[in-house]
Structure formats: C-alpha cells, structure tokens
1. Say whether the condition of being closer than 30 Å to E145 by Cβ, surrounded by 10 or more Cβ atoms within 10 Å (Cβ to Cβ) and among the polar types (S, T, N, Q) is met by at least one residue in the range 65-73.
2. Read through the list (1) modelled with pLDDT of 95 or more; (2) under 26 Å from T137 (Cα atoms), then give the number of the only condition that L54 fails.
3. Kindly list the number of the only condition in (1) part of a helix (DSSP H, G or I); (2) surrounded by 13 or more Cβ atoms within 10 Å (Cβ to Cβ) that fails for V143.
4. Of the residues in the range 115-153, how many are farther than 21 Å from T97 by Cα, among the hydrophobic types (A, V, I, L, M, F, W, C) and out of contact with any helix residue (DSSP H, G or I) (no Cβ under 9 Å at 6 or more places or on another chain)?
5. Exactly one condition in (1) within 21 Å of L152 (Cα to Cα); (2) at pLDDT 85 or above is false for K124; which is it?
6. With respect to Q60, is the statement that it is at pLDDT 95 or above and among the polar types (S, T, N, Q) true?
7. For the subset of the range 80-125 comprising residues that are over 21 Å from K148 (Cβ atoms) and of a type in the set (D, E, K, R), which member is surrounded by the fewest Cβ atoms within 10 Å (Cβ to Cβ)?
8. Provide a single number: the residues in the range 130-140 that are under 17 Å from Q114 (Cα atoms) and surrounded by 12 or more Cβ atoms within 10 Å (Cβ to Cβ).
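The values are calculated or read from the model by the stated rules, or taken from the named source; none is laboratory data. Model, not experiment: these values are computed from the prediction. Methodologically, a virtual Cβ is constructed for each residue, glycine included, from the backbone with ideal geometry; neighbour enumeration extends over all protein chains shown.
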Amino acid sequence: MKMFWGLTLLPLVVHFAAQADELVAPALSSSIAAGKASQQRVEKAADAAVTARLELQNAQLQLRDLDAYNRYMQSLVADQQNELGKLSQQLAAVQETRQGLIPLLLQMQADLEQLVQQDIPLRKEDRLARVEQLKATLARADVSEAEKFRQLL
C-alpha cells in the first residue's frame, strides 16, 4: 500500500517540485547576480588596494632616492662654500700682493733709470730712450702687470 500511495503521490511531488523550482529560480538568479556584482566590487577594491600599495612603494623608493640626493647636494654645497671662502681669502691676498707690486715696479723703474744715468756713457741715449719707452709702457692700463715686469727685467 505504501507503494501505491508513493506512486499516486509521485506526480504531485513532481508537480510541486517543478513549481518550487519556478518559485525559487528568480530568487536564486537574482542572488547569483548580486553575488557576481559583489564579487566584482571586491575584485575592483582588491585591484585598487594593490595599485595603491605599488604606488606607495614607488613613492617610498623615490623619497629614499631624493633624501640621498639631497644629502649629497648638501655636502657639495658645504664643500663649495668652504672652497668659496678659501678662494675669497686667496683673492684678498692677491689684491694685497698686487698693491705691493706696483710700488716695487715703480721703484725698480726708478732704480734702472738712475743706473743708466750713472753708468758708463755707452749708447746712453739709446738706453735712456728705452727707459722712457718702459715708463710709457708702465703707465698704460692695457698692458698686464706680468708684461710690465717682463719688460722691466
């Protein structure tokens, strides 16, 4: 008898199961669609997090490189300032030396002129003319001090 009832109820069970599938299918498909959308949002957020992490790592590397570059440039600037100070001192010393050379140059020229006048009168006029030419050269601004010394010696 059980079998009879089982066979009799079988079409009803199949009918109710088909109706249940029809009732559950729309809810299931909307749930699947919502799950897909949610998964896409999660994947998008994960991709954004990976991208942000890579950008952060790149920024940290760039910051490290810039820090090293800045330290290097600061040491160069400090060294250049030190060198500038040394060159300024040397320039001041050159100015002092140059100021002392002009009186020496003039004294040497006067001593040469006196020597020529007091010396034995061999070609005295030629020698005095060269002393006058030397005086004119010493008075010129376009002749370097090195050239003036060369001609004087």
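1. Looking for residues that are closer than 30 Å to E145 by Cβ, surrounded by 10 or more Cβ atoms within 10 Å (Cβ to Cβ) and among the polar types (S, T, N, Q), one finds none in the range 65-73, hence no.
2. (2)
3. Condition not satisfied by V143: (1).
4. Looking only at that region, the number is 5.
5. So K124 meets the others, but not (2).
6. Yes, satisfied.
7. That would be E125.
8. 5
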